[in-house]
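The values are calculated or read from the model by the stated rules, or taken from the named source; none is laboratory data. Just so we're clear, the structure is a prediction, and the values are computed from it rather than from any experiment. As a convention, Cβ positions derive from the backbone with ideal geometry for all residues, glycine included, and neighbour counts pool all protein chains shown. In case anyone asks, the SASA skips ligands and DNA or RNA and just uses the protein heavy atoms, side chains included. Shrake-Rupley method; radii C 1.70, N 1.55, O 1.52, S 1.80 Å.
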Amino acid sequence: MATWMGRDPELGKIKAQEVSQAAAVAVDDARVLMANLRRPTVREPLTQMLRQVVMAWEARGDHRAEVSVDDVDVASDSHRYELLVALGEALENITRHAGPCRTRVTLRSEGDDAVLTVQDEGRGATDEGVTRAEGLGHFGVRGMHERLASVGGLATWKSTPGVGTNVTFRVHQQGLVER
């Protein structure tokens, strides 16, 4: 940093801002990790908790979501918890990146799986954009994949610039890890 400031003060200021932003993201990520160590038990039905997560998201901003849920639940508290936290991350990504747009959240049963989908018709993104964001300390998409994988589930993310993003989370309803 000192070298940049001596050679190119403007570039030094830009680099200092980047470091500051990365540090802020790291602090936020550490808080999330610490909160996850104190994972609460989620005993309410998945459909009820899903609606609560969406309502809380709507209350924080200008976004609204169409919610369509079938009578689906999962037996495992950890699966339910990871689905709900991943849902929150997907909704937060809409707030941060999609802009004003139509948003749909659906929960359905597909065979033995509970399938949660979050779709938006926002700005969309590219894989390269997500990779750049990770370089700046933003791990939302990767975190959703890792979160679901930790309980034997699957997260898929598909986004097209100018069209929107579709995120799907899939877990076994009976909480089986082996498939």
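Model label points for residue 75 and residue 19, set 7 angstrom from Cα along the Cα-to-Cβ axis, are 5.3 nm apart.
Look at where the Cα atoms of the range 45-72 and of the range 124-161 average out, and the two centres are 21 Å apart. How much of the accessible area of the range 50-135, in percent, comes from carbon and sulfur atoms when a 1.4 Å probe is used? Result for the range 50-135: 46 percent of the exposed heavy-atom area is carbon or sulfur.
The mean of 1/r over all pairs of different alpha-carbon atoms in the range 115-177, once inverted, gives a Kirkwood hydrodynamic radius of 12.5 Å. Can you pull the one-decimal nm distance between simple spin-label points at residue 174 and residue 131, each 7 Å off the Cα toward Cβ? Result for the modelled spin labels: 4.1 nm. Rolling a 1.4 Å probe across the protein heavy atoms gives the range 72-179 an accessible surface of 48 Å² per residue. Geometric descriptor of the range 53-179, per residue, is 105 Å³ (volume of the convex hull of the Cα atoms). Packing, taken as the mean count of other beta carbons within 10 Å per residue, orders the peptides 79-87, 109-117 from highest to lowest as 79-87, 109-117.
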